[in-house]
Amino acid sequence: MEMREKGRHLKILLKELYEFKPMIFIAIIMNIVVSAALPLLQLLLSAQVIEWLMNEVTIQDYLTRLLLFVALVGFAHTIHNYLDIYFEENNEHFRFVMMNKIKKEYLTLDYPLLIGKEARERYNNANELTDNYGSLFARISGEITDLGSSILGVVLYISILSQLESLFIVFVGLFVLVVIVFNVLQNKIDKKLFKSKAANTQKLRYLKKVYGEHRITKDIRIFKMKNWFDRSEEQTINSYHNILRPKVKLSWTESAFINVGILGLSALSYIRSVQLITMGAIPVSSFVVFAGSVTILAQTIITLVNAFGKINTSLNETENYERFMFQKTVYNHGKGSEVPDIGLSIELKNVTYTYPNNDQATINNVSLMIQPYENLAIVGENGAGKSTLINLISGLIKPDSGEILINGTPQSEFNISKYYSLFAPVFQEKFLLTYSIRETIIQGIDFDEERYNHVLRNSGVEKIIQQFENGDETKIVRVVYPDGVTLSGGQLQKIKLAQALYKNSPVLLLDEPTAALDPIAEHQVYTDYFQFSKDKLSIFISHRLSSTRFCDRIIYIKNGEITETGTHDQLMDEQKDYYTLYEAQAYYYKQDKEEHETVVTGGIV
């Protein structure tokens, strides 16, 4: 099964490389051949020089042959250098292509696949594969080249040495076995020491960070902490060396065995070469080829074993790419039912939802009917499930059980992209992209000048942009644009309102959009919202009940369940949780106002 998975992962990597640039495989093959052949060409050049000298060729013939051979070696070097530059450029390009591919997938994945601990880990693990020049998609073509060239090199040099002595095949096999055993032991000890090394490295990083922290420089001097820092650093460094000691010993042992193996193979090569030269079976010049091939073969075997290890690691890492990029869709992305554009009703039937990694349901068996053009307020304490209910209605998350219907049609029967067109949300979270005010409002929708100007006037944004020299072309992220502006909370809310209105969807969703505003500013924003919600179905969430009292209906959510429903007056008459929360807020607003008036009349301000 494991081999089947590795085969699938290899297929994924090769497919991505091919889609990136099919010609890269020709470059890889050329690099494999040139990398394996170059050392042999250099050996043959040395052997030929000796051969020509011993055969006493004329100086002109000698120089001609030498020039041709040097030109061949030089040409091979030139190709090799060109391929190095080619791969250096394309490896980085491939990394960026894959980085963008992962980020694009993130933007298109169904929202439920992006929430929860496991979802974050899937994305982070995939993203790490493109982090730097040493990450998977930057190094994979080099690893394929190293593996291919080392395989070709081992076959090439074993075939050469086997002509000298058939026992070479046995000795080379033993040498390979020794290298593999040490490679396995190195991997085991690396895994064993990983946590200790990581913890120690974290301490060193912390000390390095602390050294550059100007906020504690006064403490260090006043409390004479320098010696304490020095001792801490020394202990941490000594601890690191102690952690690495077993690995260092193994590395020394490995180096000794490999050197002994190379010496043994070299000795056998020298002895058999001299014997065959004495017997006249091979020319003297062949000694250079056979002797040099032993050293090159040994190094190639080490490279081969390491290359297999690296490829194995890369194939394991590819699982992180596969787990993120090949997730099954949650929603319907096919044709689906036609979405209505006017007179929407929304019905929730026994809807339950539990967030990933949570044991308790956030929304528990909720049933609710929202009539066309209704202004509905959803209120309740923090964590009651208000925003979750909005996310369910808007199709961002999917119920665990129950169903949501639009004009009687189940949510699951709509194409999810078309379904999203029904909603114009203003969420509590506000993140500004590096756009102008105009681009922020339009947000990629086809530009309609008449609708745009109407939205500017009726949302109050027209008065805002008149304050700026560049009007609606004013940039709103000063971190990126030094000439950009910083919008106040009220100004930002009006722009977000304009954004929602320009989308012109039949359902307006307001998820605590004024949480950061004072009550007066919030009242003005909601006045604007109510003004433009007359021809829409509107759902409001607010933690301040005074802002939603004029809605057609209010539902109170507690522990994921609807416990109260009615108008403001009806809920106040019932004197339950809504009444208690409203009275508490009214008391604090009144107390703040009285304290402010006392301070003013007392002459303090």
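The values are calculated or read from the model by the stated rules, or taken from the named source; none is laboratory data. Owing to the predicted nature of the structure, the values given are computational and were not obtained by experimental measurement. Please note: Cβ atoms are built from the backbone with ideal geometry, for glycine as well, and neighbour counts cover all protein chains shown.
Of all residues being hydroxyl-bearing (Ser, Thr, Tyr) and in contact (Cβ under 8 Å) with a residue 24 or more places away in the chain in the stretch 208-252, which is nearest to Phe182 (Cα to Cα)? Just the residue, please.
My answer is Ser251.
Only residues that are in contact (Cβ under 8 Å) with a residue 24 or more places away in the chain and among the basic types (Lys, Arg): list them for the stretch 12-29, please. Quick ask: steps written out before the conclusion?
Of the stretch 12-29, the ones in contact (Cβ under 8 Å) with a residue 24 or more places away in the chain are 12-13, 16-17, 20-21, 24, 27-29.
Lys21 - this is the single residue of the stretch 12-29 that is in contact (Cβ under 8 Å) with a residue 24 or more places away in the chain and among the basic types (Lys, Arg).
State all residues of the stretch 9-31 that are crowded, with 17+ Cβ neighbours inside 10 Å and not hydrophobic (A, V, I, L, M, F, W, C); if no residue qualifies, say none.
His9, Glu16, Asn31
Picking from Val339, Val289, Val305, Val260, which residue would you name as being more than 30 Å from Ser367 (Cβ to Cβ) and in contact with a Phe, Trp or Tyr (Cβ under 9 Å, 6 or more places away or on another chain)? Spell out how you get there, then give the answer.
Numbers: Val339 fails: more than 30 Å from Ser367 (Cβ to Cβ); Val289 fails: in contact with a Phe, Trp or Tyr (Cβ under 9 Å, 6 or more places away or on another chain); Val260 fails: in contact with a Phe, Trp or Tyr (Cβ under 9 Å, 6 or more places away or on another chain).
Every option except Val305 fails the conditions.
I'd like to know if the stretch 460-481 contains one or more residues that are under 26 Å from Asp577 (Cβ atoms), part of a loop (DSSP other than H, G, I, E, B) and modelled with pLDDT of 80 or more. If you could, list the steps in order and put the result at the bottom.
Taking the stretch 460-481 and keeping what is under 26 Å from Asp577 (Cβ atoms), we get none.
Scanning the stretch 460-481 turns up no residue that is under 26 Å from Asp577 (Cβ atoms), part of a loop (DSSP other than H, G, I, E, B) and modelled with pLDDT of 80 or more.
A quick yes/no check of all residues on (1) modelled with pLDDT of 80 or more; (2) surrounded by 11 or more Cβ atoms within 10 Å (Cβ to Cβ):
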residue	(1), (2)
Leu207	no, yes
Thr217	no, yes
Arg221	no, no
Trp228	no, yes
Thr236	yes, yes
Pro246	yes, yes
Leu250	yes, yes
Ser255	yes, yes
Val260	yes, yes
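Identify, from the list Val274, Val248, Val288, Val260, the residue that is closer than 30 Å to Ala138 by Cα, in a helix (DSSP H, G or I), β-branched (Val, Ile, Thr) and out of contact with any Asp or Glu (no Cβ under 7 Å at 6 or more places or on another chain).
Val248
I'd like the residue in the stretch 143-167 that is closer than 20 Å to Pro283 by Cα and either surrounded by fewer than 17 Cβ atoms within 10 Å (Cβ to Cβ) or in contact with a Lys or Arg (Cβ under 6 Å, 6 or more places away or on another chain) (or both) and, out of all such residues, is modelled with the highest pLDDT.
Among those residues, the one meeting the criterion is Ser159.
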